[in-house]
1. Residue check, residue C:202 against (1) within 12 Å of another protein chain (Cβ to nearest Cβ); (2) farther than 30 Å from residue C:176 by Cα; (3) in a helix (DSSP H, G or I); (4) touching a residue at least 24 places away in the same chain (Cβ under 8 Å), all met but one. Which one?
2. Give me the pairs: first residue in the range A:82-99 and among the acidic types (Asp, Glu), second residue crowded, with 23+ Cβ neighbours inside 10 Å and modelled with pLDDT under 95, beta-carbon distance under 8 Å, and six or more apart or on different chains, which are they?
3. On the basis of being closer than 22 Å to residue B:125 by Cα, assigned to a loop (DSSP other than H, G, I, E, B) and within 19 Å of the chain's Cα centre (by Cα), does residue B:171 make the cut?
4. I'd like to check something: does the range B:293-301 contain any residue that is within 32 Å of the chain's Cα centre (by Cα), more than 8 Å from every other protein chain (Cβ to nearest Cβ) and surrounded by 21 or more Cβ atoms within 10 Å (Cβ to Cβ)?
5. Would you please list the contacts, defined by Cβ atoms under 6 Å and residues six or more apart or on different chains, that run from a residue in the range D:125-140 that is buried (at least 22 other Cβ atoms within 10 Å of the Cβ) to a residue that is β-branched (Val, Ile, Thr) and modelled with pLDDT of 95 or more?
6. Residue B:230 is checked against (1) in a loop (DSSP other than H, G, I, E, B); (2) surrounded by fewer than 21 Cβ atoms within 10 Å (Cβ to Cβ); (3) touching a helix residue (DSSP H, G or I) at 6+ places or on another chain (Cβ under 9 Å) and fails just one. What number does that condition carry?
7. Please pick out the residue among A:403, A:320 that is assigned to a helix (DSSP H, G or I) and at the interface with another protein chain (Cβ under 7 Å from one of its Cβ atoms).
8. Test residue D:76 against the criterion of being under 30 Å from residue D:172 (Cα atoms), among the hydrophobic types (A, V, I, L, M, F, W, C) and in contact with a Gly (Cβ under 7 Å, 6 or more places away or on another chain), and give yes or no.
Amino acid sequence: MSDSGKRDSAEQAEFRSYCRDWLADHHPGEPTVRLPQSPLEIMTRDQLDYLQAWQKAAYDAGLVGCDYPVEVGGGGRKDCQRVANEEMQAARTPFFPNVIGLGMAAPTVLHHARDDVKRELLPRLFSGEDIWCQGFSEPGAGSDLASVQTFAEPKGDRWVINGHKVWTSLAHFAEWMIILLRTDKSHKYEGLSYFVVPIRAALGKGVSVRPLIKMTGETGFNEVIFDGLEVDDRYRLDELGKGWQVAMTTLLHERGAGELQAPRAGGLKSRESHSATARSLLELARKTPRGAGTAADDPVLRDRMMQQVIREEALKENQRRARVPALLDHPMRLPLQNKLLASELGQDTARVALEVAGAAATLYMADEHAPDRGQWPLAYMNSFGMTIAAGTSEVQRNILGERVLGLAKSK
Amino acid sequence: MSDSGKRDSAEQAEFRSYCRDWLADHHPGEPTVRLPQSPLEIMTRDQLDYLQAWQKAAYDAGLVGCDYPVEVGGGGRKDCQRVANEEMQAARTPFFPNVIGLGMAAPTVLHHARDDVKRELLPRLFSGEDIWCQGFSEPGAGSDLASVQTFAEPKGDRWVINGHKVWTSLAHFAEWMIILLRTDKSHKYEGLSYFVVPIRAALGKGVSVRPLIKMTGETGFNEVIFDGLEVDDRYRLDELGKGWQVAMTTLLHERGAGELQAPRAGGLKSRESHSATARSLLELARKTPRGAGTAADDPVLRDRMMQQVIREEALKENQRRARVPALLDHPMRLPLQNKLLASELGQDTARVALEVAGAAATLYMADEHAPDRGQWPLAYMNSFGMTIAAGTSEVQRNILGERVLGLAKSK
Amino acid sequence: MSQPNNYGFGEEAALLKSSAAKFFAQHLPVDRLHARVAGSHDPYRCPEAPWPQELWQPMVDLGWTSLAVPESAGGLGMPCVAVAGLVEELGRAAFPCPLLGTLAASYILAECGDAGHTAQQEIVEGCAVALALTDKTGSWDIASSGVTYDGEVLSGGAHFIQDVRKATRLLVSASGAQGLQLFWVSVDADGVGVEPDAIVDLTRDQGRVTFNGVAASRLGDAGAAALDRAMPALWVLLAADMAGAAEWLLQTSVEYARSRQQFDHPLGFFQAVKHPLVDVMIHVDATRSLLYSAACAIDHEPGRARQLAHMAQASACDTAAFSAGRAVQTHGGIGFTWECYVHLYFKRQKHSEVLWGDATWHRARLADILLGDPAAAGGSAQGAEAAA
Amino acid sequence: MSQPNNYGFGEEAALLKSSAAKFFAQHLPVDRLHARVAGSHDPYRCPEAPWPQELWQPMVDLGWTSLAVPESAGGLGMPCVAVAGLVEELGRAAFPCPLLGTLAASYILAECGDAGHTAQQEIVEGCAVALALTDKTGSWDIASSGVTYDGEVLSGGAHFIQDVRKATRLLVSASGAQGLQLFWVSVDADGVGVEPDAIVDLTRDQGRVTFNGVAASRLGDAGAAALDRAMPALWVLLAADMAGAAEWLLQTSVEYARSRQQFDHPLGFFQAVKHPLVDVMIHVDATRSLLYSAACAIDHEPGRARQLAHMAQASACDTAAFSAGRAVQTHGGIGFTWECYVHLYFKRQKHSEVLWGDATWHRARLADILLGDPAAAGGSAQGAEAAA
């Protein structure tokens, strides 16, 4: 980490040293709750309280929203969020709970909302006091996002919303939702408009949230039913019928390919938590008996594990290279690979881990003999969430082929 | 082989014993020429003469065309070609040179030609005196076969043909060609008609044959240019505009999924010849030094070689199971996999062999130190002919997905 | 001995397979299965073993549990290829029951000579059997056991025992003065302690058993050899289960890809969906062809049974993994939920993959046969011979 | 020592890379390359070594051949990451010349201390070097050599020597009383016999060299260690060549997929074509990122250079194989002909894959670093430490 500062601007260098000092004094320490694998798996109020308190402290110290304008609650700095992120990760802080707010809602609101709405919503988004969720997918609109049917009907200067959103992570804790709605049934793309809508305030009054159960048995994402929810027209983002274009801003940032770096802390794991990295895979192999030795001695498994190690390193180095213009052919070629590579790597790493674990791969989280407390089958199953959500891997490959390689649009 | 006869009908049993006796007396013995890997690679007149003599002898003895009607030169038997094939393969005879004639032209002519044309052409096709080739592909029509542009223009009761066919194996030796022609430019599919045309008799008089060079450096397939070739209307197969349907008969038989079993001898290899089988792969590994032992001791290579062994065995057992109705879900499910599996297996087996050979995989056929006389890089390169020709692997997967699984047609 | 062209899969076998399909479809269609086994979704749930116990006696009455007991011992003595056909349907239904273990035990007992007779009797009478052959490391090498014997008294622990809470008898391997030997003991015998595992698969139960000076019947004097001879049959049966489950996953995914619309087309229109489903089909068919071939060899050509069974099981593991993963991916968001039945089969496949050797392990054993075991002296030469 | 964020790839490096691209494009575009090297298509052709020899001196004059010779020895002493950038362009042009061997020799000589000085001088003056480090089995283990020394006299044979007919000097490893040592010898020295191999690749030549009591200069007293330290740089350079060639294959295939029409669409419309091309791109990018990282480690963090170079080269081999195969398949029938330029790169990639260790070999060595070598005593513990 000592090399992170090598090419800092003067502002970045000063800010880096400020972050480092602040983190040295204000690291929240060992978590008091069992932390989930990611913000999307937050299941209990205790977990949320702990993480919200941390995000609030980091925001108050100026480590969240650094590059956003001061008037919307940001830090008004230039390319400093990356510095804060690097320092928070180096310091192994907890992650921020408001992941959809910071990564997707904030840049979209900044680019497309009315100024008064930005000033109203962004400060509490950055502080984590308002958790945000995203209402894009519907039962009939998965990868084909433009098929959304949830309808907003005009009523004076308000809109009345009816319909059904699914896979909405964090909806059970969320105050606000970014939502893609149909405002015209006669045009597929031009019939879409984009809103922010209050969820929590409207629970039982036009909005209901029902948990969905994942194949792992966990909850954490939801169905949200809109039954006549009314919202003010000021919460519409950009013009009527421009919903698809606004959604592209959201998706670009979701894929890590947007202009604004999302605030991202992390690195801290509670003792119970676990991540499906190649390093954990090697540790598993070293402690798994196999024949006279351990699975780490098996040449075929070694070959497969090294494949994962190499892919993981390549992904890390892609991210580094993406910031070296002299070594790039096309500006989006590396950023648009990110989500695809990370999700498939995670899936394959967990799959190889199940091979390494052998017969013990059958054991799940409640079994005291389960390797790594049964987190590997959990990680493998959850990995399909990653290869499906936010554009399946198939859709990601279309995007790469079309936008980067210039191949004809498949559909 | 002793079990082949278990379920023979009375006719088959008698015929089997006849074949066995005849083969015992008439096996042509060790070849006098270096045989190519397959009939499609026949490069010299010497090779052809030797193989034609063998096919003629087998035909005269009744081992070729057994299930075709007597009036077109066949044997008039029922399901006996399979028996002859089994016995010829067990006896390790040479292969038949007229592979396109027997496998593709004969069933198409039988089903779609005029009776007098059948009687004219089939006997010399079966005997191998007339070699046949196939004129389907064109520079602009590869996988998309229905785009053929080579045009037949009516002229009295004759047709005048102009255009350009490519990838025509055996054209340099062929008397006849089966050919898909455009007779109407305004309809893609309905504008196609199917003919048989004389090639050799018309050389220099409306037909020219130019060898194409493969990436391996070998010749063996050709471009055929039609420049005003005239053919009689009696050589049209089936009705005008039914060319696509007739071509389906050809393709079905090409993929080994047709009703008529193609006459197929084989098993004999000249000392110089070689086949890209898993067995050869294991032999290569046993004689390739690697570390203190051989490549056959390397656990990672063993794993990869066993994958090929298992795929090869599965392909063989698929062919066996395809004849056991109680163990089939869909009549075309196994037959339509054949070509795809065989071509990809051959490719991967050769690829693994190059891995096994290590640094020596760089050596080609003229190098005296090349493992297996450089046949593995040759086989690997030629394998792309197999995954491309006669419907690429991509097209094969479309066909399987659409015809067997009932998925929507991609195009 | 040579193999019949049709694998010896005759009319009786076909009838058995189709009546099994009908039985499973009628008594435990997938919605009822889901209701039965997926009641609690809590990932920290206690180990459970719900199964349609009321269907066991009907299955016994149909003769299915004694299919693999030789006629000489009062069983039906059906060929292995017929038994495999039945087990394929069991896998296609993801049927939770101790049939697989009971059939597997039958093959082991058949290799034990007269010493297996009493145990065979009990199977014919309807006893369900669980195999206690695995040590605490989960080793797939049958030579390792965590149980020891002294005369006919067992001590120690066996692990990864399938469907142990559905069985009434245990077939146990134990080591001692005469090497590895086999024993037969009742689950409720004095000193037997069963501790259930918490597993991912909802259609099986699994557990550990401790033996605290347990009196058991010894099954002859050559247990290791008997077990070794029977293993190919065990692998073939498991491969059949996995092939059946894979076919369910294929058909269910195909059905979804035909009906679900995205981007103005059914999913199956897209080659990125279509081609992987074709590859699943190819995998399933390879496994099926190989497993019938291996089963046929067990019936007709025992000398080749072991290598063919390794091939079948290696193929089955790859097929299981691929069919499971692609089914979830093809189903998209809905495939990732508890309410979609796909997860039942996904979990069963992942479980089966590591049960009696994974794909890599079976390929390594196959290589030992075809290329010789480099660890053994003169291995290569022997291998070359075996492969010829 | 830590790594700069930008891999230390500064303006000078960028200029070198772009001017190399221009040079190769100008002097040997692919049509001229094909005319030069693919004149005879006979698969039984004699070993040939056509190359644009007239371009060597201009390359020397541009300083490219002495890029990796330290400034202290009269060279340009450019960072490895800059040299890798140049070699990437060399691979993209499939340029037949002895530059790779000469650069590789520079890295080895730089590890030989003062003893390498004369040889370094000769490189700076424009001598082309071939590496004679491989025995007749083609082993990738640098410890094995088919050449022996007695004092400064060499006997025996070296094999699989790249571009030996384009080089004027040989860098030879030989074993003898002081273990493995390195030697420097002129190709036309008395007793040196060169025998060319007939190879598939048309853009390289390869041969065997026999040494019949050849007088040679010994490069110091610690040849094995010097060679060992230099290997990461050799792997990185080869990886760069393969990444460049893979990028050519990708772009050429993409271009074809954009223009060729089938079924009323350009080929690239079909996901069965589009998605594999995306996967080729992903492969190329992984290799590029890894090779810059490894090159940067050679320049700035030598302790991690070896493991990163193994990663880069393992990735490069997979990328080479995949890019080559998919390019032919994407091009369909035309890609299978001699007249299509794709086969030049296809063959170069297959050759590169097995040159200095294939993907499996590099992964095995990486595992030895990260997990310890199970063959070595206490390997696991050491490995655990190295990985931390």
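The values are calculated or read from the model by the stated rules, or taken from the named source; none is laboratory data. Values in this document were obtained by computation on a predicted structure and should not be read as measured data. Here Cβ is always computed from backbone atoms with ideal geometry, including for glycine, and neighbour counts include all displayed protein chains.
1. Going through the list (1) within 12 Å of another protein chain (Cβ to nearest Cβ); (2) farther than 30 Å from residue C:176 by Cα; (3) in a helix (DSSP H, G or I); (4) touching a residue at least 24 places away in the same chain (Cβ under 8 Å), residue C:202 breaks only (3).
2. Within 8 Å, no pair qualifies.
3. Details: closer than 22 Å to residue B:125 by Cα: yes; assigned to a loop (DSSP other than H, G, I, E, B): yes; within 19 Å of the chain's Cα centre (by Cα): yes.
Here the answer is yes, as residue B:171 does meet what is asked.
4. Step one: filter the range B:293-301 for residues within 32 Å of the chain's Cα centre (by Cα), giving B:301.
With more than 8 Å from every other protein chain (Cβ to nearest Cβ) added as a condition, the list becomes none.
No - not one qualifying residue is present in the range B:293-301.
5. D:128/D:102; D:128/D:168; D:129/D:102; D:130/D:161; D:130/D:164; D:132/D:161; D:132/D:172; D:132/D:209
6. Status for residue B:230: all satisfied but (1).
7. On the way: A:403 fails: at the interface with another protein chain (Cβ under 7 Å from one of its Cβ atoms).
Result of the check over A:403, A:320: A:320.
8. Values: under 30 Å from residue D:172 (Cα atoms): yes; among the hydrophobic types (A, V, I, L, M, F, W, C): yes; in contact with a Gly (Cβ under 7 Å, 6 or more places away or on another chain): yes.
Judged against the criteria, residue D:76 is a match.
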